[in-house]
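A short write-up of the structure that comes next.
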Amino acid sequence: MDSRIDFLKSKIESFSPEIIEAFIKIVESMNQLATVDIPQFYQEELQYRISFHTENPSTKLDFFENIIELEKNCA
């Protein structure tokens, strides 16, 4: 892990000032996304589905089908 961090540090140090500003904006926006409150019920449901799929690899995750259905109902 330390070698990856050192590699990343060396790459960042070689960025131009403009790229550093863009990179900072990207990282800041990631922090904002990470603070979105997700209800505990949905977190548990996702954990259950991922756990079930891990134990039963022949099954498929239906997240995409649910998203398509949600888009149809909310459009």
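Throughout, read-outs are computed from the coordinates displayed, never taken from laboratory work. Since we're looking at a predicted model, the values are computed, not measured. In this analysis, Cβ positions are derived from the backbone assuming ideal geometry, glycine residues included, and neighbour counts consider all displayed protein chains.
Values for this structure:
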{"read-out": "J(HN,Hα) series, the range 12-21, from Karplus relation 6.51 cos²θ - 1.76 cosθ + 1.60, nearest Hz, glycine and proline x", "value": "5, 5, 8, 5, 6, x, 5, 5, 4, 4"}
{"read-out": "In nm, spacing of pseudo-spin labels at residue 6 and residue 59 (7 Å Cα→C-beta vector)", "value": "4.4 nm"}
{"read-out": "The range 46-56 - phi-based ³J(HN,Hα) in whole Hz, Karplus 6.51/-1.76/1.60, Gly and Pro as x", "value": "5, 4, 4, 4, 5, 4, 4, 5, 5, 6, 10"}
